[in-house]
Amino acid sequence: MQSLNTLEEVAAAIVAPGKGILAADESTGTIEKRLSSINVESTEENRRAYRDLLFTTEGVQEHVSGVILFDETLRQKSADGTPFPDLLTSKSIIPGIKVDKGAKDLAGAPGEKVTEGLDGLRERLKEYRSLGARFAKWRAVLSISDALPSHYCIDANAHALARYAALCVEQDLVPIVEPEVLMDGTHTIDECADVTTRTLTKVFEALALHRVSIPQILLKPNMVISGADCPQQADAEEVASRTVSCFNKTLPSDLPGVVFLSGGQSEVEATRNLNAMNLKSDLSWPLSFSYGRALQASVLKAWQGKADNVAAAQQAFLTRARLNGAAALGKYDPSEDPQA
Ligand code: 13P
């Protein structure tokens, strides 16, 4: 791997042209849901075998610059005994680690969540850095409904994200700052634009207050998009215009880049929307992907937990990674997309 000495170099390598992140950091509960959708039992060995399939996919490093791991996965090994962080690094893929402990009920705010995990975080980051991780992730979630999210919830999550980011910088890990405005609900794209703008404004205020150096971080936001159950669904062009216009109002110019979450969009939507953004001429930041479901849905379907299907599943992963890499350059061609 090219030498990555500084946080700025790690951040730049993650958003290198045509590359993005595979989010393979599903917690034990979430991966159990994914595996049960294909009738595979969530044993430690099945979780390892599935991640091994992803990480040993030949050629994926052309499109994937980094992988976010879960604590268990960071400590697991490939079939030949190579620790996963070493396997990824040997392919010039940068290992990252999810460090939050999940979204829990926010006291005094029915229906709202705050992400926990700050206690002992400095010590955990030290260990993750020694195990080979070069970047970290912390996800905050905000729901939209009539009265939500509250200012209180936005503030509490922005504060936690900023404390996490400051600790990561101190411990030589690039913090990926992920405030996710959920797409669940009937809200319109206007409401999503409003809540996303308010959230990103507060997050960057909190980062400044906590003395976080913006050139050393990456942002992982939602796209500005219609609620999943909104009758009026915005098309890719509108998602792209609204998202870029929100960023032009809220993101600092020295942010090294943006890596979107997919948040429940289908594989094709997530690719198409990313591509539409990268066709815009007024972009001030690299816009790429850090997808979980939108890089893995067709992989899981092809795999079905069977050794005989590994090659087909790896082909499905390589295809999605290649198409999203192209979308990060505004060069996605739907006629090459088997899912489109
Ligand atoms: P999705 O792309 O499935 O939303 O997952 C990305 C992620 O890392 C959420 O924290």
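The values are calculated or read from the model by the stated rules, or taken from the named source; none is laboratory data. A quick note: this is a predicted structure, and the numbers were derived from the prediction, not measured. Note: ideal-geometry Cβ built from the backbone for every residue, glycine included; neighbour counts use all protein chains shown. Surface areas here come from the heavy atoms of the whole protein model, side chains and all, with no ligands, DNA or RNA. Shrake-Rupley method; radii C 1.70, N 1.55, O 1.52, S 1.80 Å.
Details
- The residue of the range 214-227 that is nearest to the chain's Cα centre (by Cα), among those that are open to solvent by less than 30 Å² (accessible area, probe 1.4 Å) and of a type outside the set (A, V, I, L, M, F, W, C), is Lys220.
- Remark: pairs (first residue in the range 285-301, over 16 Å from Glu26 (Cβ atoms) and free of Cβ contacts under 8 Å to residues at least 40 places away in the same chain; second residue assigned to a helix (DSSP H, G or I) and within 6 Å of the ligand (Cβ to nearest atom); Cβ separation under 7 Å; 6+ apart in sequence or on different chains) are absent.
- So Met223, is it within 16 Å of the ligand (Cβ to nearest atom) and assigned to a helix (DSSP H, G or I): no
- Residue check for Ala162: touching a Leu at 6+ places or on another chain (Cβ under 7 Å), over 25 Å from Gly264 (Cβ atoms) and surrounded by 17 or more Cβ atoms within 10 Å (Cβ to Cβ): yes
- The one condition from (1) surrounded by fewer than 22 Cβ atoms within 10 Å (Cβ to Cβ); (2) over 20 Å from Ser42 (Cβ atoms); (3) touching a residue at least 12 places away in the same chain (Cβ under 8 Å) that Val310 does not meet is (2).
- Flag if Ser253 is away from the ligand (no atom under 16 Å from the Cβ), hydroxyl-bearing (Ser, Thr, Tyr), within 21 Å of Leu173 (Cβ to Cβ) and at pLDDT 95 or above: no
- Residues in the range 9-47 that are charged (D, E, K, R), more than 15 Å from Gly96 (Cα to Cα) and surrounded by fewer than 20 Cβ atoms within 10 Å (Cβ to Cβ): Glu32, Lys33, Arg34, Glu41, Glu44, Glu45.
- Of all residues in the range 185-208 being among the hydroxyl-bearing types (Ser, Thr, Tyr) and more than 18 Å from Ile154 (Cα to Cα), the one that is surrounded by the fewest Cβ atoms within 10 Å (Cβ to Cβ): Thr186
- Test: residue in the range 282-296 that is more than 16 Å from the ligand (Cβ to nearest atom), closer than 15 Å to Lys220 by Cα and open to solvent by 10 Å² or more (accessible area, probe 1.4 Å): yes
- For Ser262, the test of being open to solvent by 10 Å² or more (accessible area, probe 1.4 Å) and free of Cβ contacts under 8 Å to residues at least 40 places away in the same chain is failed.
- The helices (runs of 4 or more DSSP H) falling completely within the range 48-158 that include 3 or more residues that are open to solvent by less than 60 Å² (accessible area, probe 1.4 Å) and either within 19 Å of Ser27 (Cα to Cα) or modelled with pLDDT under 95 (or both) map to 71-74, 121-130.
- When Val299, Val244, Val310 are checked against the criterion of being more than 22 Å from Val15 (Cα to Cα) and more than 16 Å from the ligand (Cβ to nearest atom), Val310 stands alone in meeting it.
- Residue among Arg272, Arg211 that alone is within 16 Å of the ligand (Cβ to nearest atom), open to solvent by 30 Å² or more (accessible area, probe 1.4 Å) and not acidic (Asp, Glu): Arg272
- Among residues of the range 102-120 that are at positive phi, those with a Cβ under 9 angstrom from a residue that is part of a loop (DSSP other than H, G, I, E, B) and among the aliphatic types (A, V, I, L, M), sequence gap 6+ or separate chain, pair up as Gly111/Ala147; Gly117/Val99.
- Within the range 228-235, one or more residues are in contact (Cβ under 8 Å) with a residue 12 or more places away in the chain, over 19 Å from the mean Cα position of the chain (by Cα), crowded, with 16+ Cβ neighbours inside 10 Å and more than 16 Å from the ligand (Cβ to nearest atom).
- So Ile97, is it in contact with a Leu (Cβ under 6 Å, 6 or more places away or on another chain) and within 16 Å of the ligand (Cβ to nearest atom): yes
- Enumeration of residues in the range 174-197 that are without any contact (Cβ under 8 Å) to a residue 60 or more places away in the chain and either within 26 Å of Lys126 (Cα to Cα) or charged (D, E, K, R) (or both): Pro175, Val177, Pro179, Asp190, Glu191, Asp194
- Scanning the range 313-326 for residues that are in contact (Cβ under 8 Å) with a residue 24 or more places away in the chain and not charged (D, E, K, R) gives Ala313, Gln314, Phe317, Leu318, Ala321, Leu323, Asn324, Gly325, Ala326.
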